[in-house]
Amino acid sequence: DGGITQSPKYLFRKEGQNVTLSCEQNLNHDAMYWYRQDPGQGLRLIYYSQIVNDFQKGDIAEGYSVSREKKESFPLTVTSAQKNPTAFYLCASGSSVGYGYTFGSGTRLTVV
Amino acid sequence: RKEVEQDPGPFNVPEGATVAFNCTYSNSASQSFFWYRQDCRKEPKLLMSVYSSGNEDGRFTAQLNRASQYISLLIRDSKLSDSATYLCVVNYLTGGGNKLTFGTGTQLKVEL
């Protein structure tokens, strides 16, 4: 079945460490997105990519980095520069503006 | 001003009631519009796209007013299972591709 997979589901990180969240899709979608959601708040856009080897900063890109070396994959690295990284991270992909976007099941990151 | 604004609620309604949610957006260049549903601690899932002509999917009706930059969602004969947070989503084209912006969501609680 086609879909978008995020791993791991839960992740614990020590302060000062970088961590990479995985996002893989087999939907043949061109566009991929990373969002962050804090408790009781909406989704905020971190980075997005329309094509391979190209990506754009979203509204809260500071302290994060991404790569898009393959169409299927869009990993997000949370660096030690991110001051408040504990959140629910959601990856999404889409092929056409008219048909909406599909989300992965998310990664809950906790800094300990 | 936020790019997409929604009343956070919660809307507490009895089973069988009709409930309406509204959303306003600030970017007049926005191209496509969606309603997503998000259950507690889960990823958002596409409920329906929104068209200027209005569209209906069972008990759900969505409407777009481009002149007023306003989107609505009407739920008729509400069920307990409709309890969730409803996210208004706006898409517009940037230099880097399609950018999805989410409202903070409206919480619905359907009660017996």
note = For region B:16-71 the number of residues that are within 12 Å of chain A (Cβ to nearest Cβ), of a type in the set (D, E, K, R) and more than 18 Å from A:Gln41 (Cβ to Cβ) is 1
task = Examine region A:63-76 for a residue that is more than 8 Å from chain B (Cβ to nearest Cβ) and modelled with pLDDT under 95, and state whether such a residue exists.
result = no
inquiry  = Among the listed residues B:Ser68, B:Ser81, B:Ser52, identify the single one that is touching a Leu at 6+ places or on another chain (Cβ under 7 Å) and farther than 16 Å from B:Gly9 by Cβ.
reply    = B:Ser52
ask   = Applying the selection to region A:40-56, what residues are more than 10 Å from chain B (Cβ to nearest Cβ) and within 15 Å of B:Glu43 (Cβ to Cβ)?
value = none
task = Select from region B:72-112 the residues that are away from chain A (no Cβ under 14 Å) and of a type in the set (Val, Ile, Thr) and write down the one among them that is nearest to B:Lys2 (Cα to Cα).
result = B:Ile75
Strands (runs of 3 or more DSSP E) completely within region B:71-112 that count 3 or more residues being among the aliphatic types (A, V, I, L, M) and in contact (Cβ under 8 Å) with a residue 24 or more places away in the chain = B:84-94
Count - residues of region B:5-36 that are among the charged types (D, E, K, R) and within 11 Å of B:Val90 (Cβ to Cβ) = 1
inquiry  = Tell me yes or no: at least one residue of region A:23-44 is within 22 Å of B:Glu5 (Cα to Cα), part of a strand (DSSP E or B) and open to solvent by 60 Å² or more (accessible area, probe 1.4 Å).
reply    = yes
task = Report the residue count in region A:65-96 for those that are assigned to a loop (DSSP other than H, G, I, E, B) and surrounded by fewer than 19 Cβ atoms within 10 Å (Cβ to Cβ).
result = 13
key: Of all residues making up region A:35-51, the number that are under 11 Å from the mean Cα position of the chain (by Cα) and over 16 Å from A:Pro85 (Cα atoms)   = 2
task = Determine which member of the set B:Lys45, B:Lys2 is basic (Lys, Arg) and within 21 Å of B:Tyr92 (Cβ to Cβ).
result = B:Lys2
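The values are calculated or read from the model by the stated rules, or taken from the named source; none is laboratory data. Because the structure is a prediction, the values reported are computed rather than measured. Cβ: placed from backbone, ideal geometry, glycine included. Neighbour counts: every protein chain shown. Remember, those area values only see protein heavy atoms, side chains included, never the ligands or the DNA or RNA. Shrake-Rupley method; radii C 1.70, N 1.55, O 1.52, S 1.80 Å.
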